[in-house]
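Engineer: Quick one: structure below, then a few questions.
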């Protein structure tokens, strides 16, 4: 296992917090973000890749736990390309694993046949998003990336740190003009349709029927997922653990919303590797 991903990467007391998740793996849901959680943050979003052990690790967890899902702002096809092992790949045996992939904060997902299924509520907004993206590209400062994702558009200024004010103002104008809703992220802001779909609604859907659940995330877009875990725990519906994956850019609200804080994707993968080992040791599934 690569350096920084062994048991020593877990904070003191982490195993106690995580232990309820492996009491009954067959009734436990594991969910996580992609960027900043499974993959390091990079300047060019298209070049993002998960840490090398991630695809095989997720495949093993998907076979052992009730649900293993990646819930991201990325398009579902992007996630599938980077996280699904090729047929015959080294996934530890047992054939294709039912890894769940949910893209665009729940606006689309990959079904068990590998097909992308968009939420039907998104269709009326596709043209609106495309037109907003064209206008945002017009006059964008050098270094600003306007990333079109079909049902959402994100303006990134990581390569142009001084352009944050321009991006925020222009996105606000497009929001007023179109009704699309701005969502801040890491040196970025995204416009999405005004629909009741976010990582929190996804968490509630994917954890249905489970007795325990965990979510790992690093950004403001993950706060609804942590909030959903809190609601489920408060209702007595299940035991939950929120894991914040932090680095120098992480907003303080993210760590404050979580039960456990780890450092970077290496820390997140250490959590998943511990769950993989401990869940297998239970022999319950």
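The values are calculated or read from the model by the stated rules, or taken from the named source; none is laboratory data. Note that this is a predicted model, so its numbers are computed, not measured. Neighbour counts run over all protein chains shown; Cβ positions are idealised from the backbone, glycine included.
Engineer: Criterion first (loosely packed, with under 14 Cβ neighbours inside 10 Å and modelled with pLDDT of 95 or more) does residue 173 satisfy it?
Structural biologist: yes
Engineer: Restricting the search to region 151-179, which residues are in contact with a helix residue (DSSP H, G or I) (Cβ under 6 Å, 6 or more places away or on another chain) and more than 13 Å from residue 135 (Cα to Cα)?
Structural biologist: Scanning region 151-179 gives 151, 152, 157.
Engineer: Considering only region 35-52, I want to know if a residue exists there that is assigned to a helix (DSSP H, G or I), at negative phi, at pLDDT 95 or above and in contact with a helix residue (DSSP H, G or I) (Cβ under 9 Å, 6 or more places away or on another chain).
Structural biologist: The answer is no, given that none of the residues of region 35-52 is assigned to a helix (DSSP H, G or I), at negative phi, at pLDDT 95 or above and in contact with a helix residue (DSSP H, G or I) (Cβ under 9 Å, 6 or more places away or on another chain).
Engineer: Run residue 223 past the list (1) more than 21 Å from residue 267 (Cβ to Cβ); (2) buried (at least 20 other Cβ atoms within 10 Å of the Cβ) and report the number of the one that doesn't hold.
Structural biologist: Condition (1) is where residue 223 drops out.
Engineer: For residue 203, which of the numbered conditions (1) modelled with pLDDT of 95 or more; (2) not assigned by TED's automatic domain parsing to the domain that holds residue 224 fails to hold?
Structural biologist: (2) is the only condition that residue 203 fails.
Engineer: Just one of (1) touching a residue at least 24 places away in the same chain (Cβ under 8 Å); (2) out of contact with any strand residue (DSSP E or B) (no Cβ under 7 Å at 6 or more places or on another chain); (3) buried (at least 18 other Cβ atoms within 10 Å of the Cβ) trips up residue 155, so point out which.
Structural biologist: (2)
Engineer: So in region 142-152, with the set limited to residues that are over 18 Å from residue 78 (Cβ atoms) and surrounded by 13 or more Cβ atoms within 10 Å (Cβ to Cβ), which one is nearest to the chain's Cα centre (by Cα)?
Structural biologist: Within region 142-152, the match that is nearest to the chain's Cα centre (by Cα) is 144.
Engineer: With respect to residue 187, determine if the residue is touching a strand residue (DSSP E or B) at 6+ places or on another chain (Cβ under 7 Å) and surrounded by fewer than 20 Cβ atoms within 10 Å (Cβ to Cβ).
Structural biologist: Considered against the rule, which asks whether it is touching a strand residue (DSSP E or B) at 6+ places or on another chain (Cβ under 7 Å) and surrounded by fewer than 20 Cβ atoms within 10 Å (Cβ to Cβ), residue 187 comes out as yes.
Engineer: Here's another thing I want to ask about it. In contact with a helix residue (DSSP H, G or I) (Cβ under 6 Å, 6 or more places away or on another chain), surrounded by fewer than 21 Cβ atoms within 10 Å (Cβ to Cβ) and either touching a residue at least 40 places away in the same chain (Cβ under 8 Å) or under 17 Å from residue 72 (Cβ atoms) (or both) - does that describe any residue in region 211-218?
Structural biologist: Scanning region 211-218 turns up at least one residue that is in contact with a helix residue (DSSP H, G or I) (Cβ under 6 Å, 6 or more places away or on another chain), surrounded by fewer than 21 Cβ atoms within 10 Å (Cβ to Cβ) and either touching a residue at least 40 places away in the same chain (Cβ under 8 Å) or under 17 Å from residue 72 (Cβ atoms) (or both).
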